[in-house]
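The values are calculated or read from the model by the stated rules, or taken from the named source; none is laboratory data. Here the structure is a predicted model, which means the values were calculated and not measured. Note: ideal-geometry Cβ built from the backbone for every residue, glycine included; neighbour counts use all protein chains shown. Quick note on the areas: whole protein, heavy atoms, side chains included, nothing else; ligands and nucleic acids left out. Shrake-Rupley method; radii C 1.70, N 1.55, O 1.52, S 1.80 Å.
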Amino acid sequence: MKKRGLTGRKQQAFYGILYILPSFVIILMFSIIPIILAIYFSFTKYDMYSPAEFIGLQNYEGVFKSSTFYSALWNTLKYVIVTVPVQTLLALLIAVFIADKMRGLYGALLKSTIFIPVIVSNIAAAAVWKVMLKTRGGIINNFLGLFGIGEVNWLGTKALAFLCICLVTIWKNVGYYMVIYYAGVMGIPKEQQEAALMDGASPAQRFWHVTVPNLRPITYMIVTLGIISSFQIFDIVYQLTGGGPGTSTITLAYMVYTYAFSNQKLGYASAIAVILLLFVLAIHWLQDKVFKER
Amino acid sequence: METARKKISPMGIIGTVLVSLFALICVAPLIYMLLMSFTQLRSLYIRWDEVTFNLRNYYTIIFKNDFGRSLLNSIIVTVLACVWTDLVCAMAAYGFEKKPVPGKEKLFKIFLATMMVPSQVTLIPLFLTMRKIGWLNSYAALFVPMAGAFGVFMIRQFMKGVDDVYIEAAQIDGCPEYKIFFKIILPLIQPALVSLTIFTFVACWNSFLWPLVANTENSMYTFTVALSLLNSQHDTNYGLSMAAATVSFAIPFALYITMQKQFIEGIALGGVKG
C-alpha cells in the first residue's frame, strides 16, 4: 500500500510537471531568456545584421554622456510625478463620493461611465485627443475661443505637449483605479463609519480618520502600479507627439524603441532598457520595504 | 443609516455636479470621435451644416485599403490569445496548486518575478528570438507570448478555493487525468477563466508596441497598428481616422457592455494591470 502510494505520488508529480511545462517553456523562451539576453546585449555593439561584438561598458558610458538620455529620464520622472498623484487622488475622491453619497442607479451609471476610457486603446485615445487638440479648428481651441482665448498650439509647445501627454494618461487611468478603490471602500467595516458618526465626526474627519487609513494597502498597490505603468509610457507619446517638440516628451521607453528599431543601435538601446529595468526593480524593492515596515 | 444620509447637503450637490462633469469628460471625446466618424473631413473647420452623415468611412474600413485584413488579423489573434492563455495558464495553475511537484514554489516565485519586468526590456531579444525561429509576421508571434505569469497567478489564486475532494473522488473512480482537468477543474474555475479572458482580450486587442515591431508586413498588421499608421499620414482624412478609432473601441466596448459585472469584479479582485 505504502509503495503504491509512493508511485501514485510520483505519478501525480509527473502529471504536475506536464501541466506546468507549456507555460514554463513560454515564460523561459519569451521572458526569462530575453531578460538575460537584454543584459548581455547592453554590453555589446549590435546592429541586427552583423554579430554582436562585446564592448564592455561603452554603451553605458555613451548613454550617460547623452543629453537625450537625461531629457528622457527627466521627462519620465516628471511624468510619473504628475500623473500618479493626480490619478490616484481623483480615483480616491470619486470612489469615496460615489460609495458614500450615490449608492443609487445614477451613481452606478457614473461609475460605469468613468470606467469607459480604460478600455480605449492608448492609440485610439491619442488619435482622438490629437484631433481635438489641433491648433486650427480643433474642438478644444474652438471651445476656448468662446471665452476669447486665442488659438493655443497644444502639441507644438514644449510644456503644453508634455501636459497633454499627462492629461490623456490621467483621462485613461482614473476609472481603473476608481474601481479598485470603490471595492476597497465597500469593504470598510460599517461599524467604524457608524462609530465615527456617533462621535460626531464631520465628513472630512471621517474621510481622513476612517476611510483613508482603511484604504492604505490599496493605496500602496495603486501607487506602485501607477508608477510602474507610468515608467513604461510609450504608446501615447508615439501617437500624440512622437517625442517632440524637440525632446520635450521623449521618454525612456520611447528612446529604447527608436534607438533599436529606427537607428538599429540594439546594444545602446538595450543599455537604456536595462536602466529602465533597474528603476522598476528599485520601485518594487522600495514598495516591498515600505509594506513590511507598516 | 440610510435615512440619515438622504438629507441633501450643499457639499453633496457640488460633489454630484463635479463627478457628473468628470464622467462627461470621460465620454465626450468618444462621442466626438463617433460623430466625426460619419464625416468626410480633411480640414478641421467643421461646419455642421455641410456635414452629411453617412457610413462611407465604415465601408472603406471594412472593404478597402487592407483595413479589413487588419481587422480580421486582430480578431483572429485576440481569439487565439484568449483560448491559448486560458488553457496554458489553467494547466499551469492546476499543476502548481494541486500537484506535488518538487520545487514548485521556487519556480512559481521565478514566474512572479517575470511580471515585474517592463515589456520594453524584453522587446529587443524577443524580436531577435522570433526572427530566429521565423515567427515574425505571423499570428503565433502575437498570441503565443500572451500566456504569461499573470494568468497563472490569477487562476492559481482562484484554484486555492477549489476543494481537493472533487479531484480525489474522481481519482478513486478511476477517472483519467485529462478528464479530471477538462471535466472537473475547468468548470470549477470558470469565473477565473472569464476574468482572465476579459483581461487577455482587452490587452491583446489594444496592444501596440509588440505588434508594431513583430509584424511589419501590411497584410499582417493588427488593427491598432493600422489605426496608428493611418493617423501618421500627412493628408489625414479625419473622418476615416475617427471611424477606425471607433471600430477599434467598439469591440472591447461591446464586451464591456455585455459583461460589465465580470469586468469590474475581475479588476477589483485581481487588481493587477495586464
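Please work out the Kirkwood hydrodynamic radius for segment A:2-41, using every pair of different C-alpha atoms, and report it in angstroms with one decimal place.
Result for segment A:2-41 stands at 12.1 Å.
List every residue whose amide H lies under 5 Å from the amide H of A:Thr44, counting only residues 5 or more places away in sequence or on a different chain, with H placed 1.01 Å from N in the peptide plane.
Placed amide hydrogens put A:Ile55 under 5 Å from A:Thr44.
Using the 2.2 N^0.38 Å rule of thumb for compact globular proteins, work out how segment A:48-90 stacks up: its C-alpha Rg over that value, please.
1.83
Where in chain A are the helices, taken as whole DSSP H runs, whose Cα atoms extend 20 angstrom or more along the long axis and whose Kyte-Doolittle mean reaches at least -1.0?
Within chain A the helices that satisfy the rule are A:2-27, A:67-101, A:105-119, A:158-186, A:216-231, A:266-293.
Based only on Cα atoms, what Rg/Rh ratio does segment A:1-113 have, Rh being taken as Kirkwood's radius?
1.27
For segment A:210-294, what's the relative contact order in percent, using C-alpha pairs closer than 8 Å and at least 6 residues apart? Before the final figure, lay out the partial values.
Details: 53 pairs, mean separation 21.4, N = 85.
Across segment A:210-294, relative contact order equals 25 percent.
Out of the total accessible area of segment B:158-274 (probe 1.4 Å, heavy atoms of protein only), what percent is carbon and sulfur?
With neighbouring chains kept in place, the figure for segment B:158-274 is 61 percent.
Pairs A:Lys190/B:Lys109; A:Lys101/B:Lys261; A:Lys10/B:Lys160; B:Lys106/B:Lys183; A:Lys292/B:Lys160; A:Lys101/A:Lys130: which exceed 27 Å Cα-Cα?
Pairs exceeding the cut-off: A:Lys190/B:Lys109; B:Lys106/B:Lys183; A:Lys101/A:Lys130.
Which value, in debye to the nearest 20, gives the size of the charge dipole of chain B about its Cα centre, when Lys and Arg are +1 and Asp and Glu are -1 at the Cβ?
320 debye
Enter the accessible area per residue of segment A:2-41 (Å², integer; probe 1.4 Å; all protein chains in place).
Each residue of segment A:2-41 exposes 63 Å² on average to a 1.4 Å probe.
Quick one: which residues, 5+ away or cross-chain, put their amide H under 5 Å from the amide H of B:Gln40? H built at 1.01 Å from N.
B:Thr52
For segment B:126-274, taking Cα atoms only, what is the radius of gyration to one decimal and the Dmax to the nearest whole Å?
Rg then Dmax for segment B:126-274, in Å: 19.9, 69.
Bin by bin, in steps of 10 Å, what percent of the Cα pairs in chain A do you find, going until the bin that has the longest distance?
6, 19, 24, 23, 16, 9, 3, 1, 0
Could you state, as a whole-number percent, how many of the C-alpha pairs of the protein assembly as shown are farther apart than 39 Å?
Cα-Cα pairs of the protein assembly as shown separated by over 39 Å account for 33 percent.
Could you state how much accessible area A:Phe24 has, in square angstrom rounded to the nearest 10, with a 1.4 Å probe and all protein chains kept in place?
The accessible area comes out at roughly 70 Å².
Counting Lys +1, Arg +1, Asp -1, Glu -1, what net charge surrounds B:Met159 among other residues with beta carbon under 12 Å of its beta carbon? Kindly include the intermediate steps, with their values, before the conclusion.
Details: positive: B:Lys98, B:Lys99, B:Arg156, B:Lys160; negative: B:Glu97, B:Asp163, B:Asp164.
Net of charged neighbours comes to +1.
Let me have the 222 nm mean residue ellipticity of the protein assembly as shown computed from DSSP H runs of 4+ only, each contributing -39500 (n - 2.57), with the sum over all residues rounded to the nearest 500.
-22500 deg cm²/dmol
If you put +1 on each Lys and Arg Cβ and -1 on each Asp and Glu Cβ, how big is the dipole of the protein assembly as shown around its Cα centre, in Debye rounded to 20?
Numbers: 44 positive and 26 negative charges, 142 e Å.
Here the protein assembly as shown has a charge dipole of around 680 debye.
At a probe radius of 1.4 Å, figure out the B/A buried accessible area, summed over both chains, and give it in Å² to the nearest 100. Before the final figure, lay out the partial values.
Details: alone 17000 and 17850 Å², together 26890 Å².
About 8000 Å² of accessible surface is lost on pairing.
Going through the DSSP H helices of chain B, which span 20 Å or more along their own axis at the Cα atoms while scoring at least -0.5 as a mean Kyte-Doolittle hydropathy?
Correct list, ordered by number: B:10-36, B:67-98, B:190-206, B:238-258.
Calculate how large, on average over all directions, the projected area of the Cα convex hull of segment A:181-294 is; give the answer in nm² to one decimal.
Averaged projected area of segment A:181-294's Cα convex hull equals 10.2 nm².
Over chain B, what is the relative contact order in percent, taking alpha-carbon pairs closer than 8 angstrom and at least six residues apart?
33 percent
Using C-alpha positions alone, give me the convex hull volume of chain B per residue in cubic angstrom.
Here the figure is 217 Å³ per residue.
How much solvent-accessible surface does B:Glu105 expose, in Å² to the nearest 10, with a 1.4 Å probe and all protein chains in place?
90 Å²
Got a sec? Charge dipole of chain B, +1 on Cβ for Lys and Arg, -1 for Asp and Glu; which of B:Leu136, B:Val19, B:Gln157 is way out at the positive end?
It is B:Val19, whose Cα lies furthest towards the positive end.
Just read off the accessible area of A:Arg136 with the full protein assembly in place, 1.4 Å probe, to the nearest 10 Å².
150 Å²
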